[in-house]
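**Student:** One structure coming up, written as structure tokens, with questions to follow.
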Amino acid sequence: MFRGRHNVRMEERGRIAIPTKLREILNVLYEGKIVLSCGFFQKAPHLLLVPLKEWEDFEARYPSAGLLDGDEDGFLARIRTIGSCEETRVDEHGRIILPEFMRAYARLDREVAFVGMGRHLAVFSPKVLDETLRSAERGLDRVRERVTRTTTTDRNGPPTSP
């Protein structure tokens, strides 16, 4: 599992070194193969760094459609996710290059924050991440309620109170 926040410096051409702790997980469990994609929330622009195996699992569950599918939202969602992702590999020095269009989308500059999200990583501008965390604080009661419901479910019955 990927956990925690890890700040690193990005080189001018978009090359970044993945923090050692995260790189070890990527290399040992996933052979360093990853997919980069733009995140899904406009209020908190970020990149997704997903191990290839996890991405393939996502694609297998993602609804696909034929070439003449009339569902415009589905078409646009596929362009946004599958059509705009990039497959890459962690190099021998533990680095990857973030494509320019992705850096622009996520507002990345010299400092980059990796955030562990369980089976994948999010890559933020530290400024955007700090704004996102402040926003998350405002909705903390809702989040706490949802986490409590999810984590206190008894196997034989409905969720229990904390």
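**Student:** Mind checking which residues of region 26-39 are in contact (Cβ under 8 Å) with a residue 24 or more places away in the chain and either β-branched (Val, Ile, Thr) or closer than 20 Å to ARG78 by Cβ (or both)?
**Tutor:** Scanning region 26-39 gives ILE34, VAL35, LEU36, SER37, CYS38, GLY39.
**Student:** Could you please find all residues in region 34-51 being under 16 Å from ARG95 (Cα atoms) and out of contact with any Ser or Thr (no Cβ under 8 Å at 6 or more places or on another chain)?
**Tutor:** Residues of region 34-51 that are under 16 Å from ARG95 (Cα atoms), as a first pass: 34-36, 47-51.
Once the filter is applied, which keeps residues that are under 16 Å from ARG95 (Cα atoms) and out of contact with any Ser or Thr (no Cβ under 8 Å at 6 or more places or on another chain), region 34-51 yields LEU49, PRO51.
**Student:** Of these, ASP57, ASP109, which one is assigned to a loop (DSSP other than H, G, I, E, B), at negative phi, modelled with pLDDT of 80 or more and over 13 Å from the mean Cα position of the chain (by Cα)?
**Tutor:** The match here is ASP109.
**Student:** Got a number for residues in region 20-44 being modelled with pLDDT of 95 or more, crowded, with 17+ Cβ neighbours inside 10 Å and part of a loop (DSSP other than H, G, I, E, B)?
**Tutor:** Final tally of qualifying residues: 1.
**Student:** Another question, if that's okay. Hey, does region 1-14 have a residue that's among the aliphatic types (A, V, I, L, M), under 16 Å from LEU98 (Cβ atoms) and surrounded by 13 or more Cβ atoms within 10 Å (Cβ to Cβ)?
**Tutor:** For region 1-14, residues among the aliphatic types (A, V, I, L, M), under 16 Å from LEU98 (Cβ atoms) and surrounded by 13 or more Cβ atoms within 10 Å (Cβ to Cβ): present.
**Student:** Another question about this same structure. What's the total number of residues in region 90-102 that are at positive phi and part of a strand (DSSP E or B)?
**Tutor:** 0
Residues checked against (1) in a helix (DSSP H, G or I); (2) on the phi > 0 side of the Ramachandran plot; (3) in contact (Cβ under 8 Å) with a residue 24 or more places away in the chain:
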residue: PHE75; (1), (2), (3): yes, no, no
residue: THR88; (1), (2), (3): no, no, yes
residue: ALA104; (1), (2), (3): yes, no, no
residue: PHE114; (1), (2), (3): no, no, yes
residue: VAL123; (1), (2), (3): no, no, yes
residue: THR132; (1), (2), (3): yes, no, yes
residue: SER135; (1), (2), (3): yes, no, yes
residue: ARG144; (1), (2), (3): yes, no, no
residue: THR150; (1), (2), (3): yes, no, no
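The values are calculated or read from the model by the stated rules, or taken from the named source; none is laboratory data. It should be emphasised that the depicted structure is a prediction, and the values quoted were computed from it without experimental measurement. Neighbour counts run over all protein chains shown; Cβ positions are idealised from the backbone, glycine included.
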